[in-house]
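**Q** Sharing a structure here in structure tokens format.
Bear in mind that the values in this text are calculations on the coordinates, not laboratory data. The model shown is predicted, which means the values in this text are computed figures rather than measured ones. Methodologically, a virtual Cβ is constructed for each residue, glycine included, from the backbone with ideal geometry; neighbour enumeration extends over all protein chains shown.
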Amino acid sequence: DSTSLRQLDQDHHFHPFTDLRDYASHGGRIVNRAEHIYIYDTDGNRMLDGMSGLWCCNLGYSQHQIVEAIYQQLQQLPFYNNFFRCSNQPAVELARALVEVTPESFNHVFFTNSGSEANDTNIRLVHRYYDLLGKPEKKLFISRKNAYHGSTIAASSLGGMSAMHQQVRGLDYVHHIGQPHWFAEGGELSPEEFGIKVARELEAKIDELGEDRVAAFIAEPIQGAGGVIVPPDSYWPEIQRICDQRDILLIADEVICGFGRTGSWFGSDSYQIKPQLMTFAKAITNGYFPLGGVMISDQIADVLLAHGGEFTHGLTYSGHPAACAAGLATLRTLQETNIIQTAADTIGPHFQRRLRELEDHPIVGEVRGRGMFAAVELVRDKRSRERLAPDSASAVYCRDRANSNGLMVRQTGDAMITAPPLISSTAEIDSLVEKLHQALDETAAHYGV
Ligand code: PLP
């Protein structure tokens, strides 16, 4: 039964990003069923999933054609590898389909199982690229503080979240600049002025480290796990200018932004960024099967192809047939339903408009977002932006209240985060906002505002 399942989980299962001692004594919920945009736990609770799982089930939980594609593929060819001159049909077809939906400069893909591994792959690709170009000293990566690029040692090092470095020191070839988080750090500057200022930190860092040593800059078009940090409009054009002028590769981490989240196929499309590498994972299979990868632009692919030789990097499950079948079914669904455009025209604007109404709430300092994700920043005082409580406690409280009220949202710092599926109806978005409003009321009462 549910109680003994939860007890077994507490006794034997170490959970990611979970306070282990707290979990061992209090446990959590066991989700055992999902439908449309709702998840159900073994205690009979139904929750509206305002996070699309971990920002991955962009089409919700009832895409039976994706499940069927995985099942069919497992029956036909449950596994074979892509090493040593072998391939499989779903991997071939998915590679071609990805080339169709990504910007023109991309004609090659490297498959991994996850976004973390894809970002590790980026590092190895970039180092090989510059080695082959005869510039072996170009090895340094610049990324942003408070970014999340995954949990492997290299990806967490790129990430720049200090908490991620509890177990490891960051890699010595990774350096960080600030994030375009106007609400937290903009001070007296207008958003546009602030966008230029933080973008120019990249230029200053390149000067400091030496242009001949800096290989690449990696960033999410909109920083997701860091708190849905929507950059001012001035930010990306300035970053692009700097990368172009200073001969620095631009890597867009599209793990969250990709496949419709920002209102376009990719965040790079929304911001007209022209990256040489693009990381993807999560929504490529609608979250139903582990799959990630890197889109490789011709600029890099041509060098690797011209030189030949092995790219000595790969994973047993690179291009796993069932994962690629899931990816292909997901891409076909996105294309055939035109859901990205529909969401951009209808549910996205409704979601953003309804959430922005929360700016009238006494403990809400800012609502920001784009497409189908957003952050609601909690404050005690709207003018001074004084926090409600130290150590993000108020947002943790608010998240727990929302979860108890049947809404899955998450918390980053003092912000509440929500990223519901693109297939949500207007009534469902209204219900999400209502539940969030209720959690905000309860939080305000708890903290005496
Ligand atoms: N990059 C970004 C932007 C992410 O948000 C994540 C995961 O949340 C990753 C990379 C890591 O992906 P994965 O968890 O599949 O390794």
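**Q** Add -39500 (n - 2.57) for each DSSP H run of 4 or more in the chain, then divide by its residues: what number comes out at 222 nm, to the nearest 500 deg cm²/dmol?
**A** The helix-only estimate for the chain comes to -12500 deg cm²/dmol at 222 nm.
**Q** Can you give the charge dipole size of region 65-337 about its Cα centre, rounded to the nearest 20 debye, using +1 on the beta carbon of Lys and Arg and -1 on the beta carbon of Asp and Glu?
**A** 640
**Q** If you plug each phi of region 391-402 into the Karplus form 6.51 cos²θ - 1.76 cosθ + 1.60 with θ = phi - 60°, what whole-Hz ³J(HN,Hα) values come out, in order, with x for Gly and Pro?
**A** These are the phi-based 3J(HN,Hα) values: 6, 6, 4, 5, 6, 4, 4, 4, 4, 4, 5, 4 Hz.
**Q** Can you give me the C-alpha center-to-center distance between region 6-85 and region 138-215, rounded to a whole angstrom?
**A** That distance is 32 Å.
**Q** Okay, next question. Express as a percent, rounded to the nearest 5, the fraction of DSSP beta bridges in the chain (both residues included) that run antiparallel.
**A** Antiparallel bridges make up about 65 percent of those DSSP assigns within the chain.
**Q** Is region 369-420 best put as rounded, prolate or oblate by its Cα gyration tensor, with a ≥ b ≥ c the root eigenvalues, rounded for a/c under 1.5, and otherwise prolate when a/b is larger than b/c, oblate when not?
**A** The shape class here is oblate.
**Q** Applying a 10 Å radius around every beta-carbon, put 301-310, 417-426 in order of their mean neighbour count, most first.
**A** Ranked by mean Cβ neighbours within 10 Å, highest first: 417-426, 301-310.
**Q** So for each of 261-274, 213-226, 434-447 I average, over its residues, the number of other beta carbons within 10 Å; can you give me the resulting order with the highest mean first?
**A** Per-residue mean Cβ counts within 10 Å order the peptides as 213-226, 261-274, 434-447.
**Q** Tell me which of Thr152, Gln272, Pro232 sits at the most positive position along the dipole axis of region 65-337, charges placed on C-beta atoms (Lys, Arg +1; Asp, Glu -1).
**A** Thr152
**Q** Related question: Would you please state which residues of region 251-276 a label at Gln341 would reach in this model, taking the label point 7 Å out along Cα→Cβ and a backbone N cut-off of under 13 Å?
**A** The answer is 264-265, whose backbone nitrogens lie closer than 13 Å to the label point.
**Q** Can I ask one more? List the lysines whose Cα sits under 20 Å from the Cα of Lys197, skipping any in the same chain fewer than 8 residues away.
**A** Lys145, Lys205
**Q** So, one more: Could you tell me which of Gly406, Ala375, Asn88 has its Cα farthest along the dipole of the chain towards the positive end, charges placed at Cβ (Lys, Arg +1; Asp, Glu -1), taken about the Cα centre?
**A** Working it through, the farthest residue towards the positive pole turns out to be Asn88.
**Q** To continue, here is another question. Considering the chain as a Gaussian network with a 10 Å cut-off on Cα pairs, which listed residue, Ile30, Ile340, Ile284, attains the greatest mean-square fluctuation?
**A** Maximum fluctuation in the GNM of the chain, among the listed residues, is at Ile30.
**Q** Pop the C-beta distance of Asp22 and Lys382 into the FRET formula with R0 = 51 Å and round what comes out to the nearest 0.05.
**A** 0.95
**Q** Mind checking which of Gly27, Gly210, Gly50 has the largest fluctuation in a GNM of the chain, springs on alpha carbons under 10 Å?
**A** Answer for the Gaussian network model of the chain: Gly27.
**Q** Answer with one residue from Asn338, His307, Gly319: the one whose Cα lies farthest towards the positive end of the charge dipole of region 298-358, charges on Cβ with Lys, Arg +1 and Asp, Glu -1.
**A** Of the candidates, Asn338 comes out farthest on the positive side.
**Q** Right, something else. Starting from the Cα gyration tensor of region 65-337, take the square roots of the eigenvalues, sort them a ≥ b ≥ c, and report rounded, prolate or oblate (rounded when a/c is under 1.5, otherwise prolate if a/b is larger than b/c, else oblate).
**A** Prolate, because a/c is 1.5 or more and a/b exceeds b/c.
**Q** Among Asp172, Asp9, what is the fewest-to-most ranking by other Cβ atoms within 10 Å?
**A** Listing Asp172, Asp9 from fewest to most nearby Cβ atoms yields Asp172, Asp9.
**Q** Please state, to two decimals, what the Cα-based radius of gyration of region 309-352 comes to when divided by 2.2 N^0.38 Å (N = residues).
**A** In units of the globular-protein estimate, region 309-352 measures up at 1.82.
**Q** Another question, then. Under the 0.36 nm per residue contour assumption, what length would be gained going from the current alpha-carbon distance of His446 and Phe311 to full extension?
**A** Here the segment from His446 to Phe311 would lengthen by 43.0 nm.
**Q** Compute a Gaussian network model of the chain, connecting alpha carbons closer than 10 Å, and tell me which residue from Ser384, Ser431, Ser297 fluctuates the most.
**A** Ranking Ser384, Ser431, Ser297 by mean-square fluctuation puts Ser384 first.
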